[in-house]
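Encoded as structure tokens, the structure appears first; notes follow it.
The values are calculated or read from the model by the stated rules, or taken from the named source; none is laboratory data. Predicted, not measured: the structure shown is a model, and the values here were computed from it. Here the Cβ positions follow ideal geometry from the backbone for every residue, glycine too, while neighbour counts run over all protein chains shown.
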Amino acid sequence: MNTTKSPDSAPIRFIAVGTAGARILAEFNQTSPTGFPSAHADTDPDSLRNSPLTRHILLGFSINHGLGAGGDPDIGRLSAESDLPGLRDFLAGARIVFVLAGLGGGTGSGAAPVVARIARESGALVLAIATTPLAFERRRIAFASEAIEQLKAAADAVLTVSNQRVRRMHDDKTHPHELYKFTNSLLVHTLQGLWRFLNAPGLIQLDFSHVQRLLRGRHCESAFAAVQAFGSERAHLAANLLLNHPFLDTGTALATAGQVLLSVAGGDDLQIGEVEQLIEELQTACPKAEFIVGASTDPSLTGHLHVTAIAAHSWQSSLNTPLQLATKIASRLDNPSSHPKTIDKTPSTDTGEIFNSTEANSSPPSSSRLVPTAPELSIEQRQRVLVSQKNRITRRKPDSQMLMNLDIAPLGRFDNTEKNRHKGIDLDVPTYLRHGLVLN
Amino acid sequence: MFSEAPLLVGLEIGTSKICAAVGEENERGEFTLLGIGQSKSRGVRKGEIVDTQKTQEDIRAALGDAEEKTGVMIKNLFLGVTGRHIACFNSVGMHPVASDDRLVTEQDIADAASNAKAITLPPEHTILHTIRQKICIDGTEVSNFTSGLLGHKVEAHLHVIHGNAFRIQNSTNLIGALSIRVNQPVFNGLATAQAILTPEDKEKGALVIDIGGGTTEFVFQQGQAIRQSGVFAVGGDHISNDIAIGLKLSLANAELLKINHGSALVDGLIHGRRVQVGENDSGLTPRQVSLEHLRRIMSIRIQELFQLILERCSEGCFLDEAKAGVFLCGGSALIPGIEVLAQRLFQVPTQIASCHNITGNTATLAHPEFATAIGIARYGGMRLRGKSTRSPSLRLTDILGFFR
């Protein structure tokens, strides 16, 4: 692939956290060599020794003594925290960082959010791409969902592929390897799409700033798919494939999405008419979505049409868990004009660390005349106070999620008149509403 | 010669229009309509005045129109009242015959009737009408009381219509401010029935439904008695409002759509048909709405209204007794198919009413929306004559009581 932009103008880094991430990244590098640096960060030296990637970052040798995370995300996270300089070295100066990880294990679930945080702290746009485990891996599912929440807080955008979802697309006889291979190839295609979107010379070229504007500061859970088609009707075929793609909930994810990133790639025979036709068909099916389109050419794709769609279907605050809420509030107290970087405190179950951060953050308010300074406490007392605070915040959670009651029937002309009640019903409310008549 | 025939003016302050009917009555009780004055009503919602300033202007315009058309000068009038505050119910009063010989006297009946009126009304409510339904002596109904009957106990069955005194007084004061005297407030529903029912209809029993702009009055009259009556603060405005909300239109466009394309019935033929909304004078592409939706919204509202009336009429009497059927009037009676819908629901013959036994401009009399104003004037005539056809045994004091 031609890398027309020099690494300095759009420095993109790929970092795989854990073995699963490394496999995806290696496959991606094989199929479309980017020329941008990619590294494999892992807690397990053996895994790094067998790594297909050339640049290695060993995490937390002082913590796990070369034994890996052992499936414990806490060890994974602590390991990453202990080797921040190595990560910072690799990520410094990047504008876009792709973090790839297989969630559920110790390294992926624990270290990936830390890596994402470090990357974002260095000022880059962080895209986390992760797989989640199969449904029968109960414990790992719990780890993975926690890790996703943390990733959402740390990264700008999180794309996840559920292996369970891939599993549903295959029958019972499928070999596990095939399943993972499929997942990996899907992620690779998506990465390629994104990559082309950002980098390849194109018919419709989109600037890096477009992606940044779309993703920066928002946390989106995205649905995405990559399809390829060939033949004379390939534009029509690709649109159909996208609209019926199981990963896009057979098209509903696109229809409900606010914005859709669309990367179209073809060979030298790619025609602008095809791109037009494709967008036209998708736009007709999803009138609400705003399509952000990049089209590019790649001589190796002659005769083919590759389309990658990423539907940002829920723009929402990532601060869902009480702990994240607490850290956010704490950092707000710390710095009223909270810069994105300052709120990226990695949420953690480790009480000691949280205490450190809350202690650090609570110092400015306690310097107020009205609020007495916190008393000196022993470690046990600290933990007890912390647990009670955690519970308090947990109980308060429903308040922060209150929904306004919009169940108000319209009265139109009779809005400000005397209530017209008859046997408990308001006769001013349109009858068809009270009777639930559906006007389609 | 005109001095002998007093001028009868009925004024209806409606939600959509204010209407004044001027007529006169000869000595045989025949009513002649001289003319009708009307004006758009801007200050009334659901039958009640919400903007006195505008309403006063509108009343002045309507009365001026009537004076101009008939060439008379209006000095006093009968005022129709309606609104949610009007309540109607049946009441029974009892009185033991006290005399030694157990001869029922007129006084006993009057006492029984006053007992029936001695009911607990909401505070600030006043009785508008009490209509004698029947007199029973020891449980036996006597049709026309003549003295000489013996018994222990006299029962008077009355239909009582009462309303909020302040609200009635508000309208009265507005007219008083125009230096016109209000003879007596009349419940609109009662007046309408007098305008459109012939003596034969009354004898057979008839249900009159007057669907106005903001209110719907109904009166079930049988013989001289009012069996049931009432008001629902639901009218044509509600239909328009439902359309406006349901089809996301302005109220004016909804009104136009109702008049031009509305129907109380939804038939299969209109499925998928669309109609244009409003006038296309702005140069924009006109909006189109589904005709089926329009009619469904209308139909379900009208059905509900009829259902409410049916429920109320079924309290203590049977609608089957209305042998003459249902008479629909008021502006909303012009909605196509409304009589078919009513017939389906009430299971009695239904017709759009026009004013009978009245002479005058036939075109005006055929309009169902003028029935109330004409009825008020006609009711006034009956009152002035001092002999109501509804209640032959009504005493003079009952009548004089209204001329305060």
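Worth pointing out:
- Residue within the stretch B:144-157 that is of a type outside the set (Ser, Thr, Tyr) and farther than 27 Å from B:His95 by Cβ present: no
- Hey, B:Gly83 surrounded by 14 or more Cβ atoms within 10 Å (Cβ to Cβ) and touching a helix residue (DSSP H, G or I) at 6+ places or on another chain (Cβ under 8 Å) or not: yes
- Criterion violated by B:Phe306 - all others in (1) farther than 14 Å from B:Leu257 by Cβ; (2) over 20 Å from the mean Cα position of the chain (by Cα) satisfied: (2)
- 3 or more residues within 12 Å of chain A (Cβ to nearest Cβ) and either over 20 Å from B:Ser332 (Cβ atoms) or of a type in the set (D, E, K, R) (or both): qualifying helices (runs of 4 or more DSSP H) within the stretch B:234-318: B:291-313
- Test: residue in the stretch A:5-19 that is surrounded by fewer than 24 Cβ atoms within 10 Å (Cβ to Cβ), within 25 Å of the chain's Cα centre (by Cα), modelled with pLDDT of 80 or more and farther than 16 Å from A:Leu194 by Cα: yes
- Single residue of B:Leu158, B:Leu128, B:Leu150 found to be within 19 Å of the chain's Cα centre (by Cα), assigned by TED's automatic domain parsing to the domain that holds B:Gln107 and over 25 Å from B:Glu48 (Cα atoms): B:Leu158
- Wholly enclosed strands (runs of 3 or more DSSP E) of the stretch B:1-120 bearing at least 3 residues touching a Ser or Thr at 6+ places or on another chain (Cβ under 9 Å) and within 14 Å of chain A (Cβ to nearest Cβ): none
- Which listed residue is more than 14 Å from every other protein chain (Cβ to nearest Cβ) and farther than 26 Å from B:Ser16 by Cβ, from B:Ala324, B:Ala342, B:Ala353, B:Ala333: B:Ala324
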